[in-house]
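Notes to accompany the following structure.
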Amino acid sequence: MVAKSLIDLTRDLLSSGVFDHLPDNEIARLRWMIMQGQREDQLPLQPLFSYWYRGDFYSPNVSPHLLQQCNEYLQRMGQPLLDAYGQELYEA
């Protein structure tokens, strides 16, 4: 179940502080998106990934494993990968 895995991963990102630099209304919107995804068992992937691309993966509590998990999902979905700075990486 992809939606549940993406929800769980995004929750881990939230709790580790990846999105703490974003304005409160953006974080609230992301939390709402997660709650809707749980109810409907689907997530709008592009809006969700746009949050991932804006994440700060150098936050003190962020495990490198989270970045790796995000990149694995992005790769499976045919999306550009993230580097540790939260910027998109394009494969040559």
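The values are calculated or read from the model by the stated rules, or taken from the named source; none is laboratory data. It should be emphasised that the depicted structure is a prediction, and the values quoted were computed from it without experimental measurement. Glycine also receives a Cβ, built like all others from the backbone with ideal geometry; neighbour counts cover every protein chain displayed. For accessibility, only protein heavy atoms count, side chains too; no ligands or nucleic acids. Shrake-Rupley method; radii C 1.70, N 1.55, O 1.52, S 1.80 Å.
One table, with the values for the structure above:
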read-out: Total residues in region 55-80, condition in contact with a Phe, Trp or Tyr (Cβ under 8 Å, 6 or more places away or on another chain), surrounded by 14 or more Cβ atoms within 10 Å (Cβ to Cβ) and closer than 20 Å to Ser16 by Cβ; value: 7
read-out: Those residues of region 4-55 which are in a helix (DSSP H, G or I), more than 12 Å from the chain's Cα centre (by Cα) and not charged (D, E, K, R), in sequence order; value: Asn25, Ala28, Trp32, Met35, Gln36, Gly37, Gln38
read-out: In region 19-44, residue modelled with the highest pLDDT [restricted to those that are open to solvent by 30 Å² or more (accessible area, probe 1.4 Å) and among the hydrophobic types (A, V, I, L, M, F, W, C)]; value: Ala28
read-out: Failed item, numbered, when Tyr58 is tested on (1) within 10 Å of the chain's Cα centre (by Cα); (2) modelled with pLDDT under 95; (3) of a type in the set (Phe, Trp, Tyr); value: (1)
